[in-house]
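> Below you'll find the structure I mean.
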């Protein structure tokens, strides 16, 4: 084989159709995973920043009615998870307080259910794209290995057609086959690392959501038992 065929691009162009198809699949999977990695990284960073800002305002003693009025649920950015959770809980609180004769404990129970539903929705958003990254990370090495096995098999089949097998006749076929494994690892390693990192950050945010829900319920409970005026006008 000519020397230029021993370059990476030369080996890829000389590979069998099956091996080339494996390489294309792995490259596309790598591109898609990198898109998700960048998109999820930006989204999580903004989510964490908005959570810190809202928690700081909430814990500083800001009036709940004012926080509710500052932005409707539809006007909030997608990444403002804690604000969405707060609006869901406070809106339920406002609606239940309008009902005559409802017990304070029933109001808190309704708020708790509303908060947990909102938290579940935000947790689903946190998990967006993670399943694809996990799939790429776990499957790509095996797809690459399949391409390698197929390429090596073709190389040995080609040896049966020559009278004398030398390194120069065996090496190109084996090299082009090993490229599939290399591409598979190139796709899998970043996906696995990103999956682990995003999962850990998502769990941290999820814990903050539940902690905030408990804090909000405590404030609303004190507000009810203190005989505060109805917040129905805020809705």
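> Over the Cα atoms of the stretch 43-111, what Rg and Dmax result, in angstrom?
Expressed in Å, the Cα Rg and Dmax of the stretch 43-111 come to 13.6, 44.
> At 4 °C and 1.567 mPa s, grab the translational diffusion coefficient of the stretch 1-144 from Stokes-Einstein with a Kirkwood Rh over Cα pairs, rounded to a whole number in µm² per second. Let's see the in-between values first.
On the way: Rh = 19.4 Å.
Reported coefficient: 67 µm²/s.
> Sort 17-23, 179-185 by the packing proxy (mean of other Cβ within 10 Å over each peptide's residues), most packed first.
Values: 17-23: 18.0, 179-185: 21.3.
So the peptides 17-23, 179-185, ranked by packing, come out 179-185, 17-23.
> Provide the gained length on full extension for the span residue 123 to residue 39, in nm with one decimal, where the gain is 0.36 nm per separating residue minus the Cα-Cα distance. Provide the component values of the computation, followed by the final result.
Numbers: separation 84, 0.36 × 84 = 30.24 nm, distance 1.66 nm.
Full extension of this stretch gives 28.6 nm more.
> Moving to a separate point now. Based on the Cα gyration tensor of the stretch 17-81, what are the three equivalent ellipsoid semi-axes, each the root of five times an eigenvalue, rounded to whole Å and given largest first? Don't skip to the end; give the middle numbers.
Numbers: eigenvalues 382, 26, 5 Å².
Sorted largest first and rounded, they come to 44, 11, 5 Å.
All of the numbers you see were taken from the coordinates with simple rules; none came from a lab. Note that the coordinates shown come from a computational prediction; the quantities given were computed from them, not determined experimentally. Note that we place each Cβ from the backbone using ideal geometry, even for glycine, and neighbour counts take in every protein chain shown.
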